[in-house]
Structures are given as C-alpha cells and as structure tokens.
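The values are calculated or read from the model by the stated rules, or taken from the named source; none is laboratory data. This is a predicted model, so every value here is computed, not measured. So basically every Cβ, Gly included, is an ideal-geometry build from the backbone, and we count neighbours across all protein chains shown. Quick note on the areas: whole protein, heavy atoms, side chains included, nothing else; ligands and nucleic acids left out. Shrake-Rupley method; radii C 1.70, N 1.55, O 1.52, S 1.80 Å.
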Amino acid sequence: MVDDAKLHQFIGQMLSDLGGAASIALVRIGDSLGLYKAMHEHGPMTVAELAATTQVHERYLREWLSHQAASNYLAYDPATGKFSLPPEQAMVFGIEDSPVFMPGAFGLMASMLDNQAKVEPAFRTGAGVAWGDQAGCLFCAVARFFRPGYVNNIVANWLPALDGVVAKLERGAKVADVGCGHGVSIVLMARAFPNSEFVGYDFHPSSVEQAERHARDHGVGGNSRFEVATAKNYPDKDFDLVAFFDCLHDMGDPIGAAAHVRQSLKPDGTWMIVEPAAGDRLEDNLNPIGRLFYAGSTMICVPTSLAQEVGLALGAQAGEARLREVITAGGFRQVRRATETPFNMILEARP
Ligand SMILES: C[S@@+](CC[C@H](N)C(=O)[O-])C[C@H]1O[C@@H](n2cnc3c(N)ncnc32)[C@H](O)[C@@H]1O
C-alpha cells in the first residue's frame with residue numbers, strides 16, 4: 001500500500017533534487033559570466049543595471065535572475081525590482097577563497113554527466129575508464145572543486161596537525177605531492193614554505209603541464225617542479241614529507257603505492273594522506289555528503305582505479321579502517337587520524 005504522506009514527501013524531495021540538477025548549467029553560466037561576482041561587488045541591482053555592468057543580454061539575464069531567485073540563490077525585492085546576493089549566498093557563489101565556494105562543485109557535476117557515455121558501458125563489462133580519457137574538463141573541475149578546502153586548510157590546519165612537520169618545512173624539507181593534479185596544493189605549500197623543495201608527480205601528462213603553468217603563474221617555480229610519474233615509480237627518495245591529496249583511492253594499486261612511498265621516505269619521514277570523509281560502514285555514509293561522494297566515486301574514482309593495474313577500486317567512501325589496512329599493508333607501522341573537516345580526513349602514516 002502506498003502511504004500518501006510518504007509519497008508526497010518523496011515527491012517533494014524529487015522536486016528539490018531536480019531543481020538542483022536543473023541548476024547545474026545556470027550556476028556555471030553565472031560563474032563564468034561573472035554575474036555572482038558583479039552582484040557581490042555592486043550590491044542590489046535591477047536587471048538592466050546588472051546587464052549593463054556585466055555586458056550580458058537583458059532578456060537572458062531576466063530569465064536567469066528569476067531562476068536564481070526561485071532557487072534561493074539570490075534575493076528579489078518586489079518593491080524595488082532589484083536582485084541581490086545575500087552574504088551567505090556570496091560565500092557560496094561570489095567569494096573565490098571562501099571555504100564554502102561551490103561553483104567548482106557544479107563544474108564537477110557537469111563533468112560527471114559528460115562521463116556517462118563512457119562509464120555506462122563499463123557497468124556491463126567491468127572495464128575501467130582511464131583518468132586521461134574522462135570528460136574534457138574533468139581535471140579543471142576537480143582542481144577547482146578541491147581548491148577552497150585546500151586554500152583554507154592545508155597550511156593553516158592540516159600540516160600543523162602532523163607531528164613535527166611544520167618545523168621541518170620552515171627549516172627546509174624535501175616534499176613530494178603525489179597525484180598532484182593541477183598543482184593547487186603544491187602552490188599553497190611552496191608559497192608558505194620558501195625554504196623547502198617541492199616535487200609534484202602525476203601520471204597524467206596534461207595535468208603535469210597545467211601544474212607547471214600554475215606554479216609559474218604563482219611565482220613558486222623556484223622551489224617547485226613537476227614530473228610525469230606514477231605513484232609506484234616516481235624516482236626521487238629521502239623525502240621528509242610525501243602528500244597524497246584526494247588520490248589514494250583513485251589508484252589501481254594503492255598498496256603498491258604505499259610500499260613505494262615507504263621506501264621513498266627518510267626513516268623519520270611522514271606520509272600525509274588526505275581522503276574524503278567517510279565512516280567505515282555503508283550505513284554511516286547514507287547522508288548528503290556520502291551521497292555526493294558515492295556519485296563521484298561511481299562516475300570518476302572507481303572507473304579510474306579499474307583502468308589501472310590491480311584495480312583495487314577502494315572508492316571515495318572507503319573509510320578509515322579500510323584505508324589503514326592498505327597503508328599498513330604497504331609497510332607503515334603507525335597510522336593516526338591527524339585531523340578532519342566535514343569533507344576530508346587527514347591521516348598521518350609513519351614508517
Ligand atoms: C581526484 S584527482 C586529485 C588531484 C589533486 N591531488 C587535487 O587534490 O586536486 C586524482 C589525481 O590522481 C592522479 N592519479 C591517479 N592514479 C594515479 C597513479 N597511479 N599514479 C599517479 N597519479 C595518479 C590523477 O591523474 C589525478 O590527478
């Protein structure tokens with residue numbers, strides 16, 4: 001028997017879900033055309049005022065603004081006919097360095113839709129979809145998605161949570177950032193610790209090129225460099241710190257990667273593993289954050305891992321207990337959760 005009240009409640013959820021899905025393109029347009037930033041800078045504006053400020057066609061803008069007001073992404077004042085970006089919404093859409101700036105997340109949702117054509121056939125075959133073969137702008141979307149968390153946490157919170165690492169970085173340490181992607185994390189660390197040397201490794205050549213450009217643009221080319229290498233074959237040794245930002249679970253052979261990290265560290269070195277926040281059991285992750293990570297995991301992380309040797313496919317919600325098994329199987333004796341945010345857990349592994 002269908003319970004009418006439950007049905008209505010579920011349809012309410014569907015309307016909200018579809019509203020979010022329908023907003024993906026509109027939020028990206030607002031971000032890309034600078035509409036949110038203009039509203040944040042200039043305060044309440046009519047359609048005509050915003051159109052003139054941002055050089056956007058007024059008819060399109062009226063429709064976009066109406067959608068945004070209906071979404072509670074903007075406020076509308078019928079008395080003045082003006083639209084505004086309230087301070088809380090500005091944190092999410094208008095302020096690039098805010099810890100909750102989310103346009104990058106909408107970009108990632110768009111990449112996941114683009115990935116459907118490749119991932120859906122893989123559901124039948126069990127084959128992987130290689131990282132480099134995934135949707136066009138996935139790599140930029142990933143970099144932008146993680147950036148707010150990194151800007152607000154790596155130097156201020158995550159490195160200080162590791163035992164003795166900041167003192168080494170201040171004196172001058174040797175650091176590897178493995179699976180470095182577009183190099184956002186390296187740039188932040190290299191700028192904060194000019195006495196230390198940073199090397200970024202990633203097996204995706206175009207990401208390494210982007211990372212080199214990114215480091216040059218931010219003036220940290222002097223103490224950072226990048227190389228194409230896998231987590232199991234990067235060449236250098238004697239690192240004080242090896243960092244893996246949101247990539248261990250993407251690897252085909254994370255145990256092999258752990259063993260390689262182990263032999264590339266100094267005896268008193270540290271491995272920092274940043275992974276998505278997750279509980280150990282499925283039932284711990286049946287919440288809005290787990291929902292998003294399981295979606296990303298299905299469309300991006302599991303296909304990436306299955307395309308590599310071993311194909312362990314940990315998934316983005318592996319949980320601390322499973323990650324500990326992998327890390328200790330690679331030869332690390334001490335593992336502790338150094339700190340966490342609502343979105344990430346930061347593990348510290350020592351030989
Ligand atoms: C989700 S992205 C994270 C990128 C970056 N660390 C960040 O946080 O923005 C995962 C990265 O891991 C890299 N990757 C995946 N498997 C790898 C492997 N076996 N060896 C080296 N890099 C790998 C991918 O190329 C990609 O850049």
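The lone criterion from (1) modelled with pLDDT under 95; (2) open to solvent by 30 Å² or more (accessible area, probe 1.4 Å) left unmet by A70 is number (1). Scanning region 242-283 for residues that are among the small types (G, A, S) and outside any helix (DSSP H, G or I), which turns out farthest from the ligand (Cβ to nearest atom)? For region 242-283, the residue satisfying everything is G279.
For region 233-253, the criterion of being hydroxyl-bearing (S, T, Y) and open to solvent by 10 Å² or more (accessible area, probe 1.4 Å) is satisfied by no residue at all.
Please verify whether V228 is in contact (Cβ under 8 Å) with a residue 12 or more places away in the chain and buried (at least 24 other Cβ atoms within 10 Å of the Cβ), treating the condition exactly as stated. No; evaluated as a whole, the condition is false for this residue.
Within region 35-50, identify whether any single residue is open to solvent by less than 60 Å² (accessible area, probe 1.4 Å), in a helix (DSSP H, G or I) and charged (D, E, K, R), and answer yes or no. No, region 35-50 contains no residue that is open to solvent by less than 60 Å² (accessible area, probe 1.4 Å), in a helix (DSSP H, G or I) and charged (D, E, K, R). Of the residues making up region 299-348, those that are polar (S, T, N, Q), farther than 23 Å from P148 by Cβ and within 16 Å of the ligand (Cβ to nearest atom) number 2.
Evaluating P99 against the criteria (1) open to solvent by 50 Å² or more (accessible area, probe 1.4 Å); (2) over 25 Å from the mean Cα position of the chain (by Cα) leaves one unmet condition, (2).
Inclusion of G136 among residues that are within 23 Å of E209 (Cβ to Cβ), among the small types (G, A, S) and loosely packed, with under 15 Cβ neighbours inside 10 Å is warranted.
Quick grid of which residues meet (1) open to solvent by 10 Å² or more (accessible area, probe 1.4 Å); (2) more than 26 Å from D133 (Cα to Cα):
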{"site": "P276", "(1), (2)": "no, no"}
{"site": "D280", "(1), (2)": "yes, yes"}
{"site": "N285", "(1), (2)": "no, yes"}
{"site": "A295", "(1), (2)": "yes, no"}
{"site": "S305", "(1), (2)": "no, no"}
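Look at G179 and say whether it is open to solvent by less than 40 Å² (accessible area, probe 1.4 Å), at positive phi and within 12 Å of the ligand (Cβ to nearest atom). Answer is yes for this residue. Regarding region 113-127, can at least one residue be identified that is within 12 Å of the ligand (Cβ to nearest atom) and within 24 Å of L312 (Cβ to Cβ)? No, region 113-127 contains no residue that is within 12 Å of the ligand (Cβ to nearest atom) and within 24 Å of L312 (Cβ to Cβ).
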